[in-house]
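To start, the structure itself, in structure tokens.
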Protein chains: 2
Amino acid sequence: MIERIHTSDVEPDADEVAIAGHVHEIRDLGGLVFLIVRDREGLIQIVFKEEREPELFEAVQDVGAEDVVRVVGEPLESDQAPGGVEIAPTEYEVIDEADSPLPLEISKDIEVDLSTRLDNRALDLRKPETLAVFTLRSELITAMEEWFESEGYVDIKTPLISKGGAEGGAELFPILYYNQDAFLSQSPQLYKQMLMASGYEAVYETGTAFRAEDFATSRHVSEIAMFDVELAYIDDHDDVMDVQEESLRYALREVAENAERELDLLDVDLDVPEEDFPRITFDEALDILETEYGHFPDDPTDLDTKGEKLLGEHFEEQGHPAFFVVGYPDEKFYYMQDVPDDEIASRKFDLIYKGQELSSGGQREHDVERMVEVMEAEGVETANFEFYIEALSYGTPPHGGYGLGIDRLVQKVADLDNIKEAIMFPRDPNRLEP
Amino acid sequence: MIERIHTSDVEPDADEVAIAGHVHEIRDLGGLVFLIVRDREGLIQIVFKEEREPELFEAVQDVGAEDVVRVVGEPLESDQAPGGVEIAPTEYEVIDEADSPLPLEISKDIEVDLSTRLDNRALDLRKPETLAVFTLRSELITAMEEWFESEGYVDIKTPLISKGGAEGGAELFPILYYNQDAFLSQSPQLYKQMLMASGYEAVYETGTAFRAEDFATSRHVSEIAMFDVELAYIDDHDDVMDVQEESLRYALREVAENAERELDLLDVDLDVPEEDFPRITFDEALDILETEYGHFPDDPTDLDTKGEKLLGEHFEEQGHPAFFVVGYPDEKFYYMQDVPDDEIASRKFDLIYKGQELSSGGQREHDVERMVEVMEAEGVETANFEFYIEALSYGTPPHGGYGLGIDRLVQKVADLDNIKEAIMFPRDPNRLEP
């Protein structure tokens, strides 16, 4: 490896050090050149003095923004420098020159519209604030996976190319698979349920889902990072909510502890929901919306975006950034647990975090006879689901699970306006590059 | 949760316990019924005695293979029972009945061809040996990710839908993306390199790659689980090999320590390569093949499958299950580091483990001018790579990386004949279901 330490590890008055990174800023004050060099962990100031190091001073005249440089030198205490330390150089080398001008400013805090940022995403990703989003994202996913590993969940990988989709319909991306028609996966739903039948008991997957929706919102993308969970031997959907609640709390706690620098950069005061997440019924949710906000969702069986947002405000004020909505009107859907006649509510739930739905889940149907009845009543082509029905027909324990949108979670944790800011290289109906 | 403990946690002469699982085996000996129940952690024997528990004995007459049952009872020491303990039942409940007959035997060790196993994959996945493959796989990936987390790598997610492919050509799956033509990703190569330009310094991705190859081998599938790594500020490809070597050693060591039960079930004696992996040149490899085996690969610039296998034997005999091949003849490929004129070898490497290529990697080209020259000389349409060339043109540190085939690694670690056995629901030119 090229010898160097991270800028954040440079201590004033230590022995000579080597650092390397991109040139973030250049300030030329006559006989004095200040170079701010950026690496993944932060910034450091190098001071080139014509009198002190005439040769290096001469060499640094040609430096350009975003050049990759390596500097060896003595770290000195400095009140003016970022981090309270600057380097007096003894060696200076340009590793790779950057083209100029830059189509996007990295060091200056200029408001640029998202579309321009995404067009120049590789440059945009260099901004310390953007980098903070993705180190935070990495921490968040790792912490979540850690929780599931420690609870004995099996890390699974389900196929992304399939004959059909779990939800079906127009939202599927068609693909030519050798000489067959196939589709990109909407969700690992069927496969994770099959694994419950197969006795895997508790599984999770950090995967990808594809939705060919035609949208133009700040909450949708075509290629979605999903965190999917399924567990068996549950009593009902409350057990699934327990898992969702505990794992999310753990992950947020880890991020709050380990990603302080990133949260600071993003100006986020992360509120870890240490108390039990409220679990309110759909009727209670409607009540709050009506009495407090005079809001009535258009669809009387589901919450709308505005409703989620208002409920989010309501619970945030009470110290609950996260809460569940349960008790949705009973609806028939083949993989949803069919409830006894005397229960009017389904066993599904939604998790709302900071005013936005983050995950949906519930208890699944494990009784194949009931499932096929619902399929037939709803006009679902059972032939398309033969492999799934068959898999569940040889003894399946009661089970449930949920799918959590990772991109949305990152969006919410990092307080980003648009979900695309939470994705390195997002895909939408108009964006297929970079 | 339904109250129960795992079969592996049942201790003889403990208090009453509850277990739940699939009925693995039924043995009816007149006034005595032995039920072997299987959960994720193992098997346990329940003994129903007509004299001792006449009602439960009556009820268990209807039990069928693979029914999901829950049993409460007293654990008793038993020499004949698996694990040295059996349960004398006080409660017995069928949670879900299995259809019969089973299209595939779970409990009996009958040789079934792979195609039948995969047609009935959800049942095949119930076999203790198959389950062992996937718990081992989960442990292996988790351990690998752990190593990279502890080394400060950023966990990334690159897009799976793109305008083109890194390698290009006929191996791309076309997809209709809204009204545009697009393709499924062959590799995150371009994106992870762009992140090196963006200053992410060290990244890894547990992802998916798609290859529309028409094959019928035991080593290929169409949807591949990949473990991709890229790191910056390297001197050359040796730094990349160091990372590959250390992370693989760590992962294998963890599996050897934590997956003993699974390795036993699979009859694998896992040999952790504690010593330095040999790094031999391509010429040395050809030499060994010629002098020891009289084998000459058809292509004088690359190893063939047989050559890899023979070299694997050669090094395994010397106590090295894993080794690198470097010093391949210099070839021009746009993302490969162009070497100085006096170097005749490229900076790429292959890792061979147990006689099979597991990963390929090398130092990449970070000089955009040289890259474009190579592209033009090789007739690569630069217009297709504009976003990538542009990303790298604003200052890119020297970097390299590799892609490791997770499925192949699991195949090799678990000693499986066919790569498809290492994948829960594999995809090949003829298999799109389940």
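The values are calculated or read from the model by the stated rules, or taken from the named source; none is laboratory data. Treat the numbers as computed from the prediction; the structure is a model and nothing was measured. Positions of Cβ are backbone-derived with ideal geometry, glycine not excepted, and every protein chain shown enters the neighbour counts. These accessible areas exclude ligands, DNA and RNA; they are computed on the full protein's heavy atoms, side chains included. Shrake-Rupley method; radii C 1.70, N 1.55, O 1.52, S 1.80 Å.
Give me the percent of the accessible area of the range B:122-422 that comes from carbon and sulfur atoms, probe 1.4 Å, all protein chains in place.
Using a 1.4 Å probe with all protein chains present, the range B:122-422 comes out at 43 percent carbon and sulfur.
Based on DSSP H runs of at least 4 residues, each adding -39500 (n - 2.57), what is the mean residue ellipticity at 222 nm of chain A after dividing by all its residues, to the nearest 500 deg cm²/dmol?
Only helices count here, giving -9000 deg cm²/dmol.
Considering amide H positions built from the backbone, and no H for Pro or chain starts, which residues 5 or more places from B:Y92, or on another chain, come under 5 Å of its amide H?
So B:Y92 has HN proximity to B:V72.
Kirkwood hydrodynamic radius of the range A:113-246 from all distinct Cα pairs, in Å?
Its Kirkwood hydrodynamic radius stands at 17.3 Å.
Using the Kirkwood radius over Cα pairs, work out the Stokes-Einstein diffusion coefficient for the range B:1-60 at 25 °C and 0.890 mPa s, in µm²/s as a whole number.
199
Counting only protein heavy atoms and using a 1.4 Å probe, what share of the accessible area of the range A:27-108 belongs to carbon plus sulfur, as a whole percent?
43
In angstroms, what radius of gyration and Dmax does the range B:244-344 have, counting Cα atoms only?
When restricted to the Cα atoms of the range B:244-344, Rg and Dmax are 16.9, 53 Å.
Can you sort B:K108, A:K157 by solvent-accessible area, 1.4 Å probe, largest first?
Sorted descending by solvent-accessible area, the residues read B:K108, A:K157.
A:R249: accessible area at probe 1.4 Å, nearest 10 Å²?
Roll a 1.4 Å probe over it and A:R249 shows about 30 Å².
Can you list the residues in the range B:24-41 whose accessible area drops by at least 10 Å² when all protein chains are present, compared with the chain alone? Use a 1.4 Å probe, heavy atoms only.
In the range B:24-41, residues shielded by partner chains: B:R40.
Dipole magnitude of the range A:7-96 about its Cα centre, charges +1 at Lys/Arg Cβ and -1 at Asp/Glu Cβ only, in debye to the nearest 20?
With Lys and Arg at +1 and Asp and Glu at -1, about 260 debye.
For a quick check of understanding: with a 1.4 angstrom probe and all protein chains in place, what accessible area in square angstrom does A:E105 have, to the nearest ten?
Only protein atoms counted, so the area is about 80 Å².
Along the positive direction of the dipole of the range A:7-96 (beta-carbon charges: Lys, Arg +1; Asp, Glu -1; about the Cα centre), which of A:I26, A:V71, A:V85 reaches farthest?
The listed residue farthest towards the positive side: A:I26.
As an exercise, take the mean of 1/r over every pair of distinct alpha carbons in the range A:70-156, invert it, and state the Kirkwood radius in angstroms.
About 17.2 Å, per the Kirkwood formula over Cα pairs.
How big is the B/A interface in buried accessible area, both sides summed, 1.4 Å probe, to the nearest 100 Å²?
Rounded to the nearest hundred, the buried surface is 8300 Å².
Sequence-distant or interchain residues sharing an amide H contact under 5 Å with B:T281, placed H: which?
B:V326
Along the range B:73-85, what does the Karplus equation 6.51 cos²θ - 1.76 cosθ + 1.60 (θ = phi - 60°) give for ³J(HN,Hα), rounded to whole Hz, x for Gly and Pro?
Ordered by residue, 3J(HN,Hα) equals x, 9, x, 10, 5, 8, 6, 7, 6, x, x, x, 9 Hz.
If amide hydrogens are placed 1.01 Å from N in the peptide plane, which non-local residues have theirs closer than 5 Å to the one on A:Y177?
Amide H to amide H, under 5 Å and 5 or more residues apart or across chains, A:Y177 pairs with A:A182.
Magnitude of the Cβ-charge dipole of the range A:330-434, K/R +1 and D/E -1, about the Cα centre, nearest 20 debye?
720
List, shortest first and in nm to one decimal, how far the label point of B:G84 (7 Å from Cα along Cα→Cβ) is from its counterparts in the other copies.
Values, ascending and in nm: 6.1.
Positive end of the charge dipole of chain A (Lys, Arg +1 and Asp, Glu -1 on Cβ, about the Cα centre): tell me which of A:I175, A:L416, A:L104 has its Cα farthest that way.
A:I175
Taking a ≥ b ≥ c as the square roots of the Cα gyration tensor eigenvalues, with a/c under 1.5 meaning rounded and otherwise prolate when a/b beats b/c, else oblate, which class fits the range B:7-96?
rounded
Once the Cα atoms of the range B:54-110 are picked out, what are the Rg and Dmax in Å?
13.4, 35
Other chains' Cβ within 10 Å of A:383-390 residues: what's the mean?
Mean partner shielding for this stretch: 2.
Debye sum, Cα scatterers, the range B:173-284, no solvent: what log₁₀ I/I(0) at q = 0.15 1/Å?
Evaluating at q = 0.15 Å⁻¹ gives log10 I(q)/I(0) of -1.01.
Let me cross-check A:R52: its accessible surface, 1.4 Å probe, with only protein heavy atoms counted, in Å² to the nearest 10?
Answer for A:R52: close to 100 Å² accessible.
How many angstrom lie between the C-alpha centres of the range A:1-77 and the range A:191-220?
47
Can you check what the Kirkwood hydrodynamic radius comes to for the protein assembly as shown, Cα pairs only, in Å to one decimal?
29.5
Any residues in the range A:59-81 that have 20 Å² or more less accessible area with all protein chains than in their chain alone, probe 1.4 Å, and which are they?
Buried-area filter returns A:V68.
With the other protein chains left in place, how much accessible area per residue, in square angstrom, belongs to the range B:122-422 at a 1.4 angstrom probe?
Accessible area per residue, the range B:122-422: 36 Å².
Could you order B:K412, B:K332 by accessible surface area, starting with the largest, using a probe radius of 1.4 Å?
Sorted by accessible area, descending: B:K332, B:K412.
Quick one: in chain B, whose Cβ comes closest to the B/A rotation axis, and how close in angstrom?
Residue nearest the B-to-A axis, with distance in whole Å: B:I175, 2.
Just to confirm, what accessible area per residue do you get for the range A:7-96 at 1.4 Å probe, in whole Å²?
Here the per-residue accessible area is 46 Å².
If you take the Cα Rg of the range A:113-185 and divide it by 2.2 N^0.38 Å, with N the number of residues, what do you get?
With N residues counted in the range A:113-185, Rg over 2.2 N^0.38 Å equals 1.65.
Over the Cα atoms, compute the radius of gyration (one decimal) and Dmax (the largest Cα-Cα distance, rounded to a whole number) for chain A, in Å.
26.5, 89
Which is farthest toward the positive dipole end of the protein assembly as shown among B:V372, A:G401, B:I352, measuring Cα position about the Cα centre, with Cβ charges +1 (Lys, Arg) and -1 (Asp, Glu)?
The residue sitting most towards the positive pole is B:V372.
Across peptide B:150-160, what mean number of C-beta atoms from other chains lies inside 10 Å of a residue's C-beta?
6
Which ³J(HN,Hα) values in Hz, rounded to whole numbers, follow from the phi angles of the range B:99-113 under the Karplus curve 6.51 cos²θ - 1.76 cosθ + 1.60, where θ = phi - 60° and Gly and Pro get x?
Listing the rounded values in order: 5, 9, x, 6, x, 9, 6, 9, 8, 8, 8, 9, 5, 10, 5 Hz.
With charges only on Cβ, +1 for K and R and -1 for D and E, what is the dipole size of chain A about its Cα centre, in debye, rounded to 20?
About 1160 debye.
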